[in-house]
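Notes follow once the structure below has been shown.
The values are calculated or read from the model by the stated rules, or taken from the named source; none is laboratory data. Just so we're clear, the structure is a prediction, and the values are computed from it rather than from any experiment. Please note: Cβ atoms are built from the backbone with ideal geometry, for glycine as well, and neighbour counts cover all protein chains shown.
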Amino acid sequence: MRPVLHRLRRLPRLSRPERPRSRRLAGALLAGLLTTIGVGTVAYAAPSADAAPATDATPAAGKTLAAAPQADVPAAPMGWASWNSLASQIDYDTIKAQVDALVSSGMAEAGYEYVNIDEGWWWGTRDGKGNITVDSKQWPGGMKAIADYIHSKGLKAGIYTDAGKNGCGYFYPTPPGTPPAPGSGSEGHYEQDLRAFQEWGFDYVKVDWCGGQDEGLNQEATYRALSEANKAATAVTGRRLVLSLCEWGSGRPWNWAAGVGDLWRTSTDIIYWGQTPSATAMLSNFDQGLHPTAQHTGYYNDPDMLMVGMKGSNATLDRTHMSLWAISGAPLLAGNDLTTMTRETAGILTNPEVIAVDQDPRGLQGVKVAEDAAGLQVYAKVLSGTGKRAVLLLNRASAAKPITARWTDLGLTGAAASVRDVWKRASVGTHSDGYTATVPAGEAVLLTVSGTEASGTAYQSTTGSFAVTAKTAGLKLADITYANGGTAPRTATLRVGGQYATTLALPPTGSATARRTVSVLLSLAKGANTVTVSGGPDAITVQDLPGTDGVQIVGADSGRCVDLDQNTISNGAQAQLWDCQGGQNQLFRRTSRDELTVYGSKCLGAEKDGTADGTKVVIGDCTGATGQKWTVNASGTLVHQGSGRCLDAYGNGTGNGTRLVLWSCHNGPNQRWTLT
């Protein structure tokens, strides 16, 4: 969906083969802050090389297992991007001043290493051979000169283009009055342009979608072509560009983007030209960016650039903003004007413990594990080491309230755990069972917790196919054991049942016999699940994260599950029947408020609060209205409290794609459901 406002686009990135300095600093800092209990090792490990092979997909309980350390994966990119504060008003001197401020403010030392030049650097001109030409007054010495200057400060350089023939600067020239820039996209020149960026010395490219949307291009096919073009250009230059996909979540990149790009936008812009930062936009982009099964092994969901320190923001909003992005493990790409930044803003952006949470080398995303009352939310992120978690207590309510994080919800035991307040950079003691803090309205408390890891189950396979049994439906922490004796990451493919496959990047382990683990979050159904991993891994360990537990809603007549098509998160998307596969789009949670929530932030309800027979059953942001509340009856019917009608498979349908509606209750098999 293309916004009608002038867009504030952002430019994220991630270096795949090499690990940014900030990741090393973050790992070292967390190791010092959290109690060292088996740091660097996992609770369950792969068999030794000479162990007898287990029956395919059998639990490895009782077998002698060799310890396998956790591998560090590339961190989410950190840096600064020009669009939010400068839009198209950029040239060599402007960018140079921001580079100098990035260094002098201490941000570069804290790990902000990318300087991303967004829309406005190029006006769509090419020479007779199709090579990009730039305004020599705007960029004396060409683009190589500014890339060289960025590199001279020990930083990395990012640049921008569009997947279509015309870039966003043609459709949305910003600020108003800026002349449009026809031809400012790379369609028809993908490999040529990416090779030019590499030869100029750039390290990162953001590829926007304005032209792609205008032309009706297919998101997945287009960005796969760009990914291949990046590889082809790299084969010539030896300089791979970190690839940031910026199609605003319109093509559901969380289903396919891992391994195509290094990071992908999950929503539209967080701020537009002329606006001031808002909590509403911040929370919306945060919610839309939560796709935990897609984020792993150095691939990242991108909820957009930071608004921290921009005109109209404040320290309270800025700290909450940083906390949300840190628990997400999101790219940290500042968008404020660094040349006018206050010390307070610099301090917020460079808090080392917040950065350590964001840049944790396990590379996972935080997930919601509790919401005991509406708007009082707990998120947890599994950190590197054993028994380590980051925890966010988020108050979306209108008054200060106590919020409790329970250790068992996080996948820990209830044993005493040490707790640290990240913003205060101070211990808050040792606590059994959980920790409670009073959180002001609209704010968040960010913690790190060092406790005792709960038990899990180890599985071995000689074929890469694992029969994993889950006691409950929900997200599970999985550690995958492998060896990679090469010098570059090796890819593998992971699939759970009928869910979308995802590409894993397995970092080098030092030798063909040295074994390491990488971590992913799996969405599993209750009972038997088939997990397949191609490309070498032969052991996985699976552990519950009980705070994510939910149910699948299975039709009595069809045996199929209530499902959101292709993992859509769009408000107004109609629910349907589909083969049960345990994915996040089929995992619902019954709340104490009679809601059926999905994705942590969406509620199942009636379209436009309709009450008539045939009203579509859709998802939307949870509001607490009766139009999003359901009564679960012993007979198996789900009664919509706003209408008194039942959840119904339209037309007695039983096939995949059958749409779900409200209909007068008659207790037929197409209105009976099992929550399991």
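Among the listed residues T430, T436, T457, T463, identify the single one that is touching a Pro at 6+ places or on another chain (Cβ under 8 Å) and either loosely packed, with under 15 Cβ neighbours inside 10 Å or at pLDDT below 95 (or both). Before the answer, list the steps.
Working: T430 fails: touching a Pro at 6+ places or on another chain (Cβ under 8 Å); T457 fails: either loosely packed, with under 15 Cβ neighbours inside 10 Å or at pLDDT below 95 (or both); T463 fails: touching a Pro at 6+ places or on another chain (Cβ under 8 Å).
Going through T430, T436, T457, T463 in turn, the sole match is T436.
What number goes with the only condition from (1) in contact with a strand residue (DSSP E or B) (Cβ under 8 Å, 6 or more places away or on another chain); (2) closer than 29 Å to G375 by Cα; (3) among the β-branched types (V, I, T) that V533 does not pass?
Condition not satisfied by V533: (2).
Quickly run through the range 588-633 and pick out the residues that are closer than 14 Å to L564 by Cβ and in a loop (DSSP other than H, G, I, E, B).
Y599, G600, S601 - these are the residues of the range 588-633 that are closer than 14 Å to L564 by Cβ and in a loop (DSSP other than H, G, I, E, B).
Of all residues in the range 84-127, how many are under 11 Å from A334 (Cβ atoms), of a type in the set (F, W, Y) and not in a loop (DSSP other than H, G, I, E, B)? I'd like the intermediate steps shown before the answer.
Filtering the range 84-127 down to residues under 11 Å from A334 (Cβ atoms) leaves 84-85, 98, 101-102, 105, 107, 110, 112, 114-116.
Narrowing further to those that are of a type in the set (F, W, Y): 112, 114.
From what's left, not in a loop (DSSP other than H, G, I, E, B): 114.
Residues meeting the conditions: 1.
Please go through (1) acidic (D, E); (2) over 16 Å from L477 (Cα atoms); (3) surrounded by fewer than 23 Cβ atoms within 10 Å (Cβ to Cβ) for D563 and return the number of the only condition it doesn't satisfy.
Condition not satisfied by D563: (3).
Kindly provide the set of residues from the range 343-359 that are touching a Lys or Arg at 6+ places or on another chain (Cβ under 7 Å) and in a loop (DSSP other than H, G, I, E, B), ordered by number.
Within the range 343-359, Q359 is the sole residue that qualifies.
Is the range 157-164 home to any residue that is over 19 Å from L86 (Cβ atoms) and assigned to a loop (DSSP other than H, G, I, E, B)? It would help to see each step written out before you state the result.
Narrowing the range 157-164 to residues over 19 Å from L86 (Cβ atoms): 163-164.
When the remaining residues are screened for being assigned to a loop (DSSP other than H, G, I, E, B), the result is 163-164.
Yes, there is a match, as at least one residue in the range 157-164 is over 19 Å from L86 (Cβ atoms) and assigned to a loop (DSSP other than H, G, I, E, B).
From the list G510, G474, which one is surrounded by 23 or more Cβ atoms within 10 Å (Cβ to Cβ) and at positive phi?
Working: G510 fails: surrounded by 23 or more Cβ atoms within 10 Å (Cβ to Cβ).
So the residue among G510, G474 that is surrounded by 23 or more Cβ atoms within 10 Å (Cβ to Cβ) and at positive phi is G474.
Just the residues that are among the acidic types (D, E) and assigned to a loop (DSSP other than H, G, I, E, B), please, taken from the range 440-484. Quick ask: steps written out before the conclusion?
The first filter runs over the range 440-484 and keeps only residues among the acidic types (D, E), leaving 443, 453, 479.
Of everything in the range 440-484, just one residue is among the acidic types (D, E) and assigned to a loop (DSSP other than H, G, I, E, B), namely E443.
Could you identify the single residue in S184, S136, S152 that is within 22 Å of N84 (Cβ to Cβ) and among the polar types (S, T, N, Q)? Let's see the steps before the verdict.
Numbers: S136 fails: within 22 Å of N84 (Cβ to Cβ); S152 fails: within 22 Å of N84 (Cβ to Cβ).
Just a single option satisfies the conditions, and that option is S184.
What strands (runs of 3 or more DSSP E) lie completely within the range 194-303 and have 2 or more residues being more than 15 Å from the chain's Cα centre (by Cα)?
Values: elements: 204-208, 242-245, 263-265, 300-302.
Strands (runs of 3 or more DSSP E) meeting the threshold: 204-208, 242-245.
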